[in-house]
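Written out below as structure tokens is the structure these notes cover.
Coordinate-derived values only; no laboratory data. Bear in mind the structure is a predicted one, so any value in this text is a computation, not a measurement. Heads up, the Cβs are rebuilt from the backbone with ideal geometry, glycines too, and the neighbour counts pull from every protein chain shown.
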Amino acid sequence: MTYNTMYERLVDQSGNKVQGFIAYGLYKTAKREWVRKFEADHGRPPRATEVTAYVSAYTPQTVDAFEAQARGVLTQFAVGIVADARPEIVEGTLRGAFWKNVFQAIAANAIYTVALLVLAIVLAAAGIDLLGVFETLHSPAG
């Protein structure tokens, strides 16, 4: 049997490996269904040349359809995860987690501002003129 490059087309060339693996799984499911139908119709498994002909019949548009279907599967999965987590998100927000996070962000910014002021004071005490350095860097001549 000749080598089938569908894995490379669907997984290796995909920008999203998870999506590529799902697309490859969809391809393998379609191929498996084709083999089963072939066996039911002909009373025998397909020959290697028949499988090769089946696989080579996949056009770029067919490969794109597997990728689109895989994107749909991932989207459904993400929507389900968010829907499952929604009650906990709402509960956390209503319990005050939102305001707690707001106050933490304000505190972090205040600490950052104080640190910058301390740094500016230390540099000024060391004789370094920050505004002078900034003006020198951004002057038209400099």
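Here the 3J(HN,Hα) profile of segment 33-41, calculated from phi with Karplus coefficients 6.51, -1.76 and 1.60 at θ = phi - 60°, is 4, 5, 4, 4, 5, 4, 4, 5, 6 Hz, Gly and Pro shown as x.
Residue order for HIS42, HIS138, fewest other beta carbons within 10 angstrom first, comes to HIS138, HIS42.
Per residue of segment 128-139, what does 6.51 cos²θ - 1.76 cosθ + 1.60 with θ = phi - 60° give for ³J(HN,Hα)? Whole Hz please, x for Gly and Pro, Karplus curve as stated. These are the phi-based 3J(HN,Hα) values: 9, 8, 4, 5, x, 5, 5, 5, 5, 5, 10, 7 Hz. Annotation: the residues LYS37, LYS31, sorted from fewest to most other C-beta atoms within 10 Å of their own C-beta, follow the order LYS37, LYS31. For LYS17, a cut-off of 21 angstrom between C-alpha atoms picks up these lysines, skipping any fewer than 8 places away in its own chain: LYS28, LYS31. Enter the mean projected area of the convex hull around the alpha-carbon atoms of the chain, in nm², rounded to one decimal. Mean shadow area of the hull around the Cα atoms is 19.1 nm².
Summing Cβ point charges (Lys, Arg +1; Asp, Glu -1) relative to the Cα centre of segment 1-94 gives a dipole of roughly 380 debye. Summing charges over neighbours of ASN16, with a neighbour being any other residue whose Cβ is under 13 Å away from its Cβ, gives 0 when K and R count +1 and D and E count -1.
For segment 96-142, the alpha carbon convex hull comes to 67 Å³ per residue, rounded to a whole number.
Whole-Hz Karplus values for segment 54-62 come out as 4, 5, 5, 6, 5, 8, x, 5, 5 Hz, taken residue by residue from phi with 6.51 cos²θ - 1.76 cosθ + 1.60 and θ = phi - 60°; glycine and proline positions read x.
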